[in-house]
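The values are calculated or read from the model by the stated rules, or taken from the named source; none is laboratory data. Being a predicted model, the structure only gives us computed values, none of them experimental. Note that we place each Cβ from the backbone using ideal geometry, even for glycine, and neighbour counts take in every protein chain shown.
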Amino acid sequence: MMFCNAATGAVSKPKLAVFASGNGSNAQRLAEFFHADGSATISVICSNKPDAFVLERAKQMGIPSVVFNRKSFYETEDLLRFLQSQSVDWIVLAGFLWLIPEYLLKAFPGRIVNIHPALLPKYGGKGMYGSKVHEAVIAAGEKESGISIHFVNGKYDEGQVIFQAKCAVEPLDTPETLAQKIHALEYEYFPKVLKELFTTVVPAPPKDDIL
(Lines give C-alpha, C1' and ligand atoms only; values in the text may rest on other atoms or scores of the structure.)
Protein backbone atom coordinates (compact mmCIF):
# COMPACT_ATOMS: atom_id res chain seq x y z
CA MET A 1 0.00 0.00 0.00
CA MET A 2 1.06 3.58 -0.49
CA PHE A 3 0.03 6.31 1.91
CA CYS A 4 -1.37 9.62 0.70
CA ASN A 5 -0.74 12.86 2.59
CA ALA A 6 -4.16 14.50 2.82
CA ALA A 7 -2.68 17.98 3.06
CA THR A 8 -0.40 17.79 0.05
CA GLY A 9 -1.83 14.90 -1.95
CA ALA A 10 1.66 13.44 -2.11
CA VAL A 11 2.11 9.69 -1.99
CA SER A 12 4.50 8.39 0.66
CA LYS A 13 6.12 4.99 0.90
CA PRO A 14 5.47 2.72 3.90
CA LYS A 15 8.21 3.02 6.48
CA LEU A 16 9.64 -0.17 7.95
CA ALA A 17 11.44 -1.03 11.17
CA VAL A 18 13.48 -4.20 10.72
CA PHE A 19 14.17 -6.20 13.89
CA ALA A 20 17.20 -8.53 13.86
CA SER A 21 19.29 -10.32 16.47
CA GLY A 22 22.27 -11.56 14.51
CA ASN A 23 24.15 -11.40 11.23
CA GLY A 24 21.54 -9.38 9.39
CA SER A 25 21.89 -10.75 5.87
CA ASN A 26 18.13 -10.70 5.37
CA ALA A 27 17.96 -7.14 6.67
CA GLN A 28 20.61 -6.10 4.16
CA ARG A 29 18.81 -7.88 1.33
CA LEU A 30 15.58 -6.06 2.22
CA ALA A 31 17.37 -2.72 2.40
CA GLU A 32 19.02 -3.24 -0.99
CA PHE A 33 15.77 -4.39 -2.58
CA PHE A 34 13.65 -1.50 -1.36
CA HIS A 35 16.38 1.04 -2.09
CA ALA A 36 16.43 -0.13 -5.71
CA ASP A 37 12.69 -0.75 -5.99
CA GLY A 38 11.47 2.35 -4.20
CA SER A 39 8.24 0.82 -2.91
CA ALA A 40 9.17 1.09 0.80
CA THR A 41 11.76 2.64 3.08
CA ILE A 42 13.64 1.01 5.94
CA SER A 43 13.63 3.78 8.52
CA VAL A 44 15.48 1.97 11.29
CA ILE A 45 17.09 -1.34 12.17
CA CYS A 46 16.41 -2.50 15.73
CA SER A 47 18.38 -5.11 17.65
CA ASN A 48 18.39 -6.65 21.10
CA LYS A 49 22.12 -7.43 20.86
CA PRO A 50 24.67 -4.60 20.93
CA ASP A 51 27.28 -6.78 19.21
CA ALA A 52 25.00 -8.07 16.43
CA PHE A 53 26.61 -7.71 13.02
CA VAL A 54 23.34 -6.36 11.65
CA LEU A 55 24.27 -3.07 13.35
CA GLU A 56 27.48 -2.87 11.33
CA ARG A 57 25.46 -3.57 8.19
CA ALA A 58 23.09 -0.75 9.13
CA LYS A 59 26.03 1.60 9.59
CA GLN A 60 27.50 0.65 6.22
CA MET A 61 24.15 1.22 4.51
CA GLY A 62 23.50 4.52 6.27
CA ILE A 63 20.39 3.26 8.05
CA PRO A 64 19.77 4.46 11.62
CA SER A 65 19.80 1.75 14.28
CA VAL A 66 18.63 1.34 17.85
CA VAL A 67 19.59 -1.22 20.50
CA PHE A 68 17.39 -2.20 23.43
CA ASN A 69 17.69 -4.61 26.33
CA ARG A 70 15.19 -7.09 27.73
CA LYS A 71 14.05 -4.83 30.54
CA SER A 72 13.26 -1.87 28.31
CA PHE A 73 11.64 -4.10 25.68
CA TYR A 74 9.26 -5.89 28.02
CA GLU A 75 8.82 -3.47 30.93
CA THR A 76 8.56 -0.12 29.14
CA GLU A 77 7.05 1.21 25.94
CA ASP A 78 10.08 3.33 25.06
CA LEU A 79 10.67 1.46 21.81
CA LEU A 80 7.06 1.96 20.73
CA ARG A 81 7.30 5.69 21.36
CA PHE A 82 10.49 5.79 19.31
CA LEU A 83 8.92 3.88 16.41
CA GLN A 84 5.91 6.17 16.43
CA SER A 85 8.19 9.22 16.48
CA GLN A 86 9.73 7.84 13.28
CA SER A 87 6.27 7.28 11.72
CA VAL A 88 6.98 3.56 11.27
CA ASP A 89 4.15 1.73 9.49
CA TRP A 90 5.32 -1.91 9.59
CA ILE A 91 7.62 -4.05 11.72
CA VAL A 92 9.53 -6.75 9.87
CA LEU A 93 11.29 -9.49 11.85
CA ALA A 94 14.39 -10.78 10.05
CA GLY A 95 16.08 -13.17 12.43
CA PHE A 96 14.73 -11.64 15.63
CA LEU A 97 14.61 -14.12 18.51
CA TRP A 98 12.43 -12.53 21.19
CA LEU A 99 8.66 -12.82 21.53
CA ILE A 100 6.91 -9.60 20.52
CA PRO A 101 5.20 -7.94 23.53
CA GLU A 102 1.50 -7.18 23.59
CA TYR A 103 1.90 -3.41 23.40
CA LEU A 104 3.60 -3.68 19.99
CA LEU A 105 1.00 -6.16 18.73
CA LYS A 106 -1.74 -3.73 19.68
CA ALA A 107 0.02 -0.72 18.19
CA PHE A 108 0.75 -2.47 14.88
CA PRO A 109 -2.28 -4.73 14.30
CA GLY A 110 -1.69 -6.93 11.27
CA ARG A 111 1.50 -5.04 10.51
CA ILE A 112 4.20 -7.23 12.06
CA VAL A 113 5.65 -9.89 9.76
CA ASN A 114 8.24 -12.62 10.40
CA ILE A 115 10.19 -15.07 8.25
CA HIS A 116 10.92 -18.57 9.57
CA PRO A 117 13.42 -21.02 8.01
CA ALA A 118 11.08 -24.04 7.87
CA LEU A 119 7.65 -25.04 6.63
CA LEU A 120 5.40 -24.11 9.52
CA PRO A 121 3.67 -25.46 11.54
CA LYS A 122 6.59 -27.92 11.65
CA TYR A 123 9.84 -26.91 13.32
CA GLY A 124 8.59 -23.69 14.87
CA GLY A 125 8.34 -22.43 18.41
CA LYS A 126 10.67 -21.14 21.08
CA GLY A 127 14.28 -22.13 20.54
CA MET A 128 13.75 -23.15 16.92
CA TYR A 129 15.94 -20.82 14.91
CA GLY A 130 18.93 -20.92 12.60
CA SER A 131 20.94 -24.12 12.47
CA LYS A 132 18.76 -25.70 15.17
CA VAL A 133 15.89 -25.77 12.68
CA HIS A 134 17.98 -27.32 9.92
CA GLU A 135 19.44 -29.92 12.29
CA ALA A 136 15.92 -30.94 13.36
CA VAL A 137 14.67 -31.15 9.78
CA ILE A 138 17.55 -33.42 8.74
CA ALA A 139 17.34 -35.56 11.88
CA ALA A 140 13.65 -36.18 11.19
CA GLY A 141 14.39 -37.41 7.68
CA GLU A 142 12.29 -34.77 5.98
CA LYS A 143 12.34 -34.76 2.18
CA GLU A 144 11.70 -31.04 1.90
CA SER A 145 12.06 -27.83 3.85
CA GLY A 146 11.60 -24.18 3.03
CA ILE A 147 10.55 -20.80 4.33
CA SER A 148 7.37 -19.47 5.91
CA ILE A 149 6.48 -15.78 5.92
CA HIS A 150 3.76 -15.10 8.45
CA PHE A 151 2.00 -12.49 10.52
CA VAL A 152 3.12 -12.26 14.13
CA ASN A 153 0.90 -12.89 17.13
CA GLY A 154 1.56 -13.49 20.81
CA LYS A 155 3.11 -16.94 20.32
CA TYR A 156 6.28 -18.07 18.58
CA ASP A 157 5.71 -18.87 14.91
CA GLU A 158 1.94 -19.35 15.23
CA GLY A 159 0.65 -16.35 13.28
CA GLN A 160 -1.22 -16.73 10.00
CA VAL A 161 1.04 -17.93 7.19
CA ILE A 162 1.20 -15.54 4.25
CA PHE A 163 3.56 -17.44 1.94
CA GLN A 164 5.71 -20.56 1.79
CA ALA A 165 8.42 -21.72 -0.62
CA LYS A 166 10.00 -25.18 -0.64
CA CYS A 167 13.32 -26.81 -1.39
CA ALA A 168 14.39 -30.45 -1.46
CA VAL A 169 16.35 -31.98 1.40
CA GLU A 170 18.86 -34.30 -0.24
CA PRO A 171 20.36 -37.39 1.47
CA LEU A 172 23.80 -35.76 1.64
CA ASP A 173 22.57 -32.39 2.91
CA THR A 174 24.08 -31.04 6.12
CA PRO A 175 22.65 -28.22 8.24
CA GLU A 176 25.11 -25.94 6.46
CA THR A 177 24.11 -26.91 2.92
CA LEU A 178 20.43 -26.81 3.82
CA ALA A 179 20.94 -23.35 5.30
CA GLN A 180 22.34 -22.20 1.97
CA LYS A 181 19.21 -23.38 0.18
CA ILE A 182 17.00 -21.68 2.75
CA HIS A 183 18.93 -18.41 2.50
CA ALA A 184 18.49 -18.45 -1.27
CA LEU A 185 14.72 -18.74 -0.81
CA GLU A 186 14.70 -15.99 1.80
CA TYR A 187 16.68 -13.57 -0.36
CA GLU A 188 14.49 -14.25 -3.39
CA TYR A 189 11.04 -14.21 -1.85
CA PHE A 190 11.02 -12.17 1.36
CA PRO A 191 11.26 -8.70 -0.25
CA LYS A 192 8.86 -9.63 -3.06
CA VAL A 193 6.23 -10.97 -0.66
CA LEU A 194 6.55 -7.90 1.55
CA LYS A 195 6.15 -5.59 -1.45
CA GLU A 196 3.00 -7.44 -2.46
CA LEU A 197 1.71 -7.29 1.12
CA PHE A 198 2.26 -3.55 1.34
CA THR A 199 0.39 -3.14 -1.95
CA THR A 200 -2.66 -5.25 -1.11
CA VAL A 201 -3.18 -5.08 2.65
CA VAL A 202 -4.74 -1.97 4.11
CA PRO A 203 -3.99 -2.09 7.84
CA ALA A 204 -5.79 -0.32 10.64
CA PRO A 205 -4.22 3.04 11.52
CA PRO A 206 -1.78 3.18 14.48
CA LYS A 207 -3.37 3.59 17.87
CA ASP A 208 -2.37 7.08 18.97
CA ASP A 209 -3.92 6.65 22.41
CA ILE A 210 -0.92 4.48 23.39
CA LEU A 211 1.27 7.58 23.51
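Points worth noting:
- Pairs with Cβ under 6 Å, 6+ apart, first in segment 69-89 and farther than 12 Å from residue 46 by Cα, second acidic (Asp, Glu) and surrounded by fewer than 13 Cβ atoms within 10 Å (Cβ to Cβ): 72/78
- Residue in segment 26-34 that is of a type in the set (A, V, I, L, M), closer than 26 Å to residue 155 by Cα and at pLDDT 95 or above present: yes
- Of all residues in segment 62-78, those satisfying the criterion of being under 18 Å from the mean Cα position of the chain (by Cα) and closer than 22 Å to residue 26 by Cα are 63, 64, 65, 66, 67, 68.
- Residue match in segment 166-181 (condition: on the phi > 0 side of the Ramachandran plot and modelled with pLDDT of 95 or more): no
- One residue stands out in segment 143-162 among those that are surrounded by fewer than 17 Cβ atoms within 10 Å (Cβ to Cβ) and not polar (S, T, N, Q): the one that is nearest to residue 183 (Cα to Cα), namely 144.
- Whichever residue in segment 90-140 is surrounded by 14 or more Cβ atoms within 10 Å (Cβ to Cβ) and hydroxyl-bearing (Ser, Thr, Tyr) and, among such residues, is farthest from residue 185 (Cα to Cα): 103
- Residues located in segment 82-116, provided they are over 10 Å from the mean Cα position of the chain (by Cα) and small (Gly, Ala, Ser): 85, 87, 107, 110
- Some residue of segment 7-23 being in a helix (DSSP H, G or I), at pLDDT 95 or above and either in contact with a strand residue (DSSP E or B) (Cβ under 7 Å, 6 or more places away or on another chain) or at negative phi (or both): no
- Among the residues of segment 61-85, those identified as in contact with a Leu (Cβ under 9 Å, 6 or more places away or on another chain) and outside any helix (DSSP H, G or I) are 65, 66, 67, 68, 77.
- Flag for residue 87 being of a type in the set (Gly, Ala, Ser), surrounded by fewer than 17 Cβ atoms within 10 Å (Cβ to Cβ) and in contact with a helix residue (DSSP H, G or I) (Cβ under 9 Å, 6 or more places away or on another chain): no
- Being of a type outside the set (D, E, K, R), part of a loop (DSSP other than H, G, I, E, B) and within 21 Å of residue 32 (Cα to Cα) is a property that holds for residue 88.
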